[in-house]
Structure formats: structure tokens, C-alpha cells
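Chemist: Right, I'll just put the structure down here and ask away after.
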Amino acid sequence: MKTAILTVCGFLVSCSDKMDNPVGPDPKPTPAEQQAFDFDADIDKSVAPGVNFWQYAVGNWLNQHTANPGKEGTTAAAANFSREWVKSTVNATCSDPVLAALCQRASRGQADFDHNVAELHKLTDRIMALKTREEVLREMGSLMAKGYSTAIEWRLMGNRKEMYLMFSPKQFFGYKNLEKTLRELKYSEAVIADLMSLAQEFYVDAKQEGEGSQSVRDYRYWQQPDNLRRIIPFSQYAGRATKTRAGIATAGELIAEGMGLDTKHIKLSDESVIDLLEALENDLLDKATMEDVKKKMLLSVVGRDYPLIQLKKEADVADFVYGSGLPAINYQLSSLYCQQNVTAEAKAYVAAMCEEFRSRFAQRLDRLEWLSDATRQRAHKKLQTVVFIAGEPNEWNRDFFVTGMPDGLTCYESALWVLSEGAKAMLQKLPGDYSYAKLCYVQISALPAWIDNALYAPAYNCVYMPALNMISPVTNPSYGDAYNYAVLGASTIGHELTHGFDNDGSKTNEDGIYEQWWAPADLTEFKKRQQLMIDHFSQFMMGDRRTDGELTLGENIADQGGLNMALDIIRDKARQRGLDAAATREQLHRLFLGWAQAWKNNADMATYQANMDEYDEHAQNPVRVNGQVTLQNDWYELFDVREGQPLYVAPAKRFAIW
């Protein structure tokens, strides 16, 4: 008996197994669903579902959308709308006064350029004029408090018990363009030569740095519980440093002083930060090496400010905001996005879906024979404390809005002010105890409403879906449950919820703290099932490339969990509506078609393989669809999938984790 081994070439399958009537009689929508989403328009009946279900379900659409690879599809439509919304909203008449002022000041364009460069030089001259160790370290902290990175980067971290700031070593990128940047900013040739010589020592090739592993600069790195265990309390560094430098403030303490931050809120990403701080202790005692430290600070300022000086017209500001270049205003602009684009109907619909998926996961937990009662109870506890942020918080907290921008500033100076105010909000309002309001601000600032993404944050035990997920065609109540419970429900709500119990999320408890809460025998069984998932997804091919089931394990576990819950919900809804067996089968049939709609995208093989080259942790769309349906018993009956077809998996080899 064949297991599912699929070779995709463009959008065609290298197999000639076709059927005259691949699925039997076409299911017809009930009268109540005549206005629902028209799945039939996308179906390519020349392909049997058992050969390539993804191609069957959306192939007709794919064949009509071959241009602009990767730019069209279900979520791409919402993303394109959102991009245009940001560009049309961020202008000199925007209802947000800060954004309006930025655009008005950008309209002065090149006329302000010389002034802006002069202001940048004043800052860099001040840095180079610092004379003492204490001055340099306090200035480092002062710059960090305004949103700059110097030798150290900081970011907000935490869990359900506390929030804190974490220091990581700064990594410098953009060396190839550095000389051009410095020259455009009117530094002297002697200074440029000096800085370029220094920069060669510590600049990092961004592409090479990211290959094969995630960096501490990547938020996904800190979603992995094993890495969270490496975080070091600031007190551990301070205790070690004071033993060798008695009576003298440590580098870390002086930086914290410059930031205006109590050190009890600071943690360090790993031992490399301690090494860095200790190096600063030594370097700043030597006048020559102190000059190099100041030059590194100067390069940090130039790297951060150069894009801001390029904001010369209104469209530049809109593009910069869309790309989250000014994260301090993401929160307030997201509130406007929700106000204008998210209907009360969609908000209520999605909120109800979230609770349905929570309830369905709980019922599935109770049915799992391989879980002991002790592990099951802990899983229930974690499940019930998951926070859902569906598009927007219960209430927008205006304390986090950036307001009151001073008059008389250029666009560059205004952008500096915005970034400084945003950093101040993080430093003054956020460290300390966890709260729902803080969590919403952190998540929405990082992933604003218009971003095509969603996440489960294990540290906060939180599912966050930017508001883009609540607009059509990602969510559209009029399309019917089969569409919505697949496109948003299975692929996003259920998917992200399951991430709390995947190979990584399962390592943190209900408070987002690393804890081994599994009974040993349950953990052994869980790992066996993970291996089944790895083996299953390692059999698929994308063109001439085999997929990596181990790399994509977490995403595949999440996909299966989401699809399993959606199927359960649709069955229950059919029963509640009193549908007979045939009508219930029709609903399940449509849900599977909806699963393909969730991943409908016109990417070509080159795009898919490029994603694989970048170590994408997600299975590519055709494999993502086909790999999951082949594990569902209902799919075989509903689509008349037969033994001997490429996607057929023998019943004994089908499995479920959650």
C-alpha cells in the first residue's frame, strides 16, 4: 500500500492517474447556503483529489492566476487591501494628529535635508566629545532610552507573572551600503575611512547570520522554551562584577541609570551579554579603545537615523509606517484600522469561534486515551487560561497612544520624537507585573492590525490574531461556516491554539514558564507521535526537493490540531441544525475544500523552493493541504480516494496527535 508521496511541478502533479468522475455526485448547497462561498468555481475536475487534493480544490483558480507569483490568494487579498488602506490613511489629513503632522512635515522634502543632517551631526559630535567612562555608559543608556541600539539591544520580554527588559548584544548589518550612507550624510572622507575600517571588524552579513539557525534578534528564537532557560538575571552579572570592581558602578548599572530603569527589571539573553559588559568595563579604561566604543555608538545612530532622514514626502511616511518602521504608533493606528474595517458582526463571530475551538480542544483532551489523568488536568488548566486577542483588545488603552508632538520639528525630528516616546512607554509603563492591557500593547505594537500573520506566544500563553484576519476574504460570515471554520478557524484559531501544545509550546505551563508538566509515560508517547508526523511530512516533494518533516514539525502539529477541531465543530453544528447524514457529509466536504482555500496562493515552484532555502518552518502550501487531509478518515470517503492513488495512506498509518 502506498503512502502519500507527492511531487509538485509548478501546479501540476507528475502522475497520470485521472478519473472521469473523481468525487462522485457534486454536493449541492442547501437553500440556506445559496449565498455561501462558491467553492465550485475554483475546482479543477481534471485532477483527482487522491492525486493532488490542493490542485483539485483550487486548481481552476491557480490556472487563471499565474501572473505575479505569490501576490494573489485568500490572505493576499486582505493583505493587499490593508497595504492600500495604510497608504491612503496615513496622510496630512489623517485623523491621528501625529501621523498627520509627520506627513505635513515630510512634504517639505529636500528643503529640510541639510537641517536634518546638521542635527544628526550635532548628536554624533556630542557622542565623540564624551571624555569619561561614566559619561560614555550613561550616554549609551540615554540613547537606548530613546529607542536606539548601541552596543546593546533591548526588547520587552516576560510571562504571565512578570514583564522585563532583556539585553542582547547588538548586531550590525548593512556594511555594503555603509560608505555610501556616510557620504550622503556629509561625513568627511577622513571620518568615513576611519569608520569603515572599524566597521569591518564587527559588521555581520545578515544572510549568513540567519542561515540554519534563529538569532537572538528573532522573536521566534524566544518562543522556544529551551532558549528561555538561558536568560540570566541582571543580579547575577552585577554580583560577579562587583567582586572584581568593588566601589565602582558597573557598566550595566550605568547603562540602566542612563535609561532611567531599575535593574530589577533587566535580564540578559546569555553569557555573551556579560562578556560584552565586562569588555566595556575594560575598554573604557583605555582612552584609545574608548574612542572605538564611541565610534560604534555613532554608527548605531547613523544606521537607525538614515532611513528617517529619507522621509521626504507623504508617501515615504506611509510606506515606512506600513513596514512598522515607527512601531510606537502601530497601536493607535491599529485602533483606527479596527474602527474602520472590522464590523461588530465579524468581531462577535470570531470571538465566538475562539471559544468554540477552546471548548472543542477540551473535549478532544478528554477523549485522548494516551494521556494520563494527571497530564490531562494540567493540559486543561493551560487551555482554560489561554488569552485570545482577536483583532483588537476589549478596550483600547489611550495611555499607550503617542500624543502631543511638539511644533516646529522637521519630519526627521518628529520621527525621532515618536520613537523616543514609544521607547519611553515601554520603559516607564510596561516593566513589572503582567496585565491584559500591557499584553495587548506589546502584541499589537509588534504585529499591527494590517499585518498578514498570527501567533501563539508561549511566554504569555496568548493567541494573537491581527485584525487583518477579521476582514474579507479571510473572514466573511456570509460565506458560511464551512468556509470560515476552515480559512480562519482551522488555519489560524485552532492552529495557534494547538501551538500551545506542540513540540515547543508543550514545554511551558499555563503561566508561560518553562516546566516539565508531563507524566513521563505521556511524554514518551507524545514524542512517538511527533516522530510519526516527522516521517509523514518527510515523504512529500516540492519539485525535485524533499520536504523537511522535522523542521516543519511544530507547524504540522498545529495544522492537524486546527483541522481536527474544525471537523468536530462542523459535525456538531450539523447535528444542532438537525441535518441528515447526506447534508452533514456535504458540510464536511465543503470544510475540506475550505482548508485548501486557506492556503490558496499563486506562488510558483521557484518561490516555494526559495522559502525552503530560507528554512521556512511551514510546509509549503500544496504539501500543507495534502499532508493534512490524507490523515483524515472522512476525506477518503467524501472524495472517493482509492488505494493506489498517490495520496492514499493506509488506515493503519493514519494518526492524530491532538
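Chemist: Only sites in a loop by DSSP and with at most 15 other Cβ atoms within 10 Å count here; which chymotrypsin sites (Phe, Trp or Tyr not before Pro) in the stretch 341-383 make the cut?
Modeler: Working: sites: 349, 357, 361, 370; in loops: 370.
Those that pass, being in a loop and sparsely packed, are 370.
Chemist: For a 28 Å ceiling on Cα separation, which of these pairs sit above it: 87/295; 122/287; 122/176; 87/122; 176/294; 146/287?
Modeler: 87/295; 87/122
Chemist: Semi-axes of the equivalent ellipsoid for the stretch 513-658, please: Cα gyration tensor eigenvalues, times 5, square-rooted, ordered largest first, whole Å.
Modeler: 26, 22, 15
Chemist: Residue 155's amide H: which non-local residues (gap 5+, or another chain) put their own amide H closer than 5 Å, with H modeled 1.01 Å from N in plane and none for Pro or chain starts?
Modeler: Sorted by chain and number, the residues that satisfy this are 166.
Chemist: Here's another thing I want to ask about it. Taking amide H positions as placed 1.01 Å from N in the peptide plane, with prolines and chain starts having none, which residues 5 or more places from residue 172, or on another chain, fall under 5 Å of its amide H?
Modeler: 204
Chemist: Now for a different question. List the lysines whose Cα sits under 20 Å from the Cα of residue 45, skipping any in the same chain fewer than 8 residues away.
Modeler: 18, 28, 600
Chemist: Another question, if that's okay. Quote to one decimal, in nm, the extra length available between residue 319 and residue 472 on full extension: 0.36 nm per residue of separation minus the C-alpha distance between them.
Modeler: Net length gain for the segment: 52.8 nm.
Chemist: Mind running the shape call on the stretch 258-320? Use the C-alpha gyration tensor, a ≥ b ≥ c as the square roots of the eigenvalues: rounded below 1.5 for a/c, prolate if a/b tops b/c, oblate otherwise.
Modeler: oblate
Chemist: Here is a follow-up. At q = 0.09, 0.10 Å⁻¹, what base-10 log of I(q)/I(0) does the Debye formula yield for the chain when every alpha carbon is treated as an equal point scatterer in vacuo?
Modeler: Cα-only, vacuum Debye calculation for the chain: -0.84, -1.01.
Chemist: A further question on this structure: Compute the acute angle (0 to 90°) between the alpha-carbon long axis of helix 74-89 and the principal axis of greatest extent of the alpha-carbon atoms of the chain; round to the nearest 10°.
Modeler: Result, in degrees: 40.
Chemist: Turning to a different aspect of this structure: If you rank 65, 618 by how much accessible surface each has, with a 1.4 Å probe, what is the order from largest down?
Modeler: 618, 65
Chemist: Also, quick follow-up: Take the Cα coordinates of the stretch 234-293, assign each an equal point scatterer, and use the Debye formula without solvent to give log10 I(q)/I(0) at q = 0.15, 0.25 Å⁻¹.
Modeler: -0.44, -1.15
Chemist: Sticking with this structure for a sec: Less than 12 Å apart at the alpha-carbon level, and either on another chain or at least 8 residues along: which aspartates and glutamates does that give for residue 507?
Modeler: 226, 515
Chemist: Out of every Cα pair in the stretch 256-372, what percent are spaced more than 19 Å from each other?
Modeler: 76
Chemist: Return one whole number: the accessible area per residue of the chain in Å², for a 1.4 Å probe.
Modeler: Per residue, the chain has 40 Å² of solvent-accessible surface.
Chemist: Leaving out ligands, DNA and RNA but keeping every protein chain, what accessible area does residue 83 have, in Å² rounded to the nearest 10, with a 1.4 Å probe?
Modeler: 70
Chemist: Would you calculate a helix-derived [θ] at 222 nm for the chain, using -39,500 (n - 2.57) for each DSSP H run of n ≥ 4 and dividing by the full residue count, to the nearest 500?
Modeler: Computed ellipticity for the chain at 222 nm equals -16000 deg cm²/dmol.
Chemist: For a label point 7 Å from the Cα of residue 609 along Cα→C-beta, name the residues of the stretch 508-552 whose backbone N is under 14 Å from it.
Modeler: Within reach of a label on residue 609, which here means backbone N under 14 Å from a point 7 Å along Cα→Cβ, the stretch 508-552 contributes 541-547.
Chemist: Another question, if that's okay. Of all DSSP beta bridges in the chain, what percent run antiparallel (nearest 5)?
Modeler: In the chain, approximately 65 percent of DSSP beta bridges are antiparallel ones.
Chemist: Please identify the longest segment of the chain free of exposed GluC sites (Glu not before Pro), where exposed means a DSSP state other than H, G, I, E or B and no more than 16 other Cβ atoms within 10 Å.
Modeler: Here the longest run is 1-200.
Chemist: Still on this structure: How many Å³ per residue does the convex hull of the Cα positions in the stretch 478-523 occupy?
Modeler: That works out to 88 Å³ per residue.
Chemist: Also, quick follow-up: So how tilted is helix 97-106 from the main axis of the chain? Cα-based, degrees 0 to 90, rounded to 10.
Modeler: 70
Chemist: Next up: Carbon and sulfur: what percent of the chain's accessible surface (1.4 Å probe)? Can you show the working numbers first?
Modeler: Details: 13120 of 26570 Å².
Carbon plus sulfur share of accessible area: 49 percent.
Chemist: Additional query: Angle, helix 520-537 long axis vs. longest principal axis of the chain, Cα atoms, 0 to 90°, nearest 10?
Modeler: Once rounded, one gets 80 degrees.
Chemist: Sticking with this structure for a sec: Using θ = phi - 60° and the Karplus curve 6.51 cos²θ - 1.76 cosθ + 1.60, what whole-Hz ³J(HN,Hα) does each residue of the stretch 564-571 get, with Gly and Pro shown as x?
Modeler: Along the stretch 564-571, the couplings run 4, 5, 4, 4, 4, 5, 5, 4 Hz.
The values are calculated or read from the model by the stated rules, or taken from the named source; none is laboratory data. Owing to the predicted nature of the structure, the values given are computational and were not obtained by experimental measurement. Reconstructed Cβ throughout: ideal geometry from the backbone, glycine too, with neighbour counts over all protein chains shown. Calculation scope for accessible area: heavy atoms of the full protein, side chains included, ligands and nucleic acids excluded. Shrake-Rupley method; radii C 1.70, N 1.55, O 1.52, S 1.80 Å.
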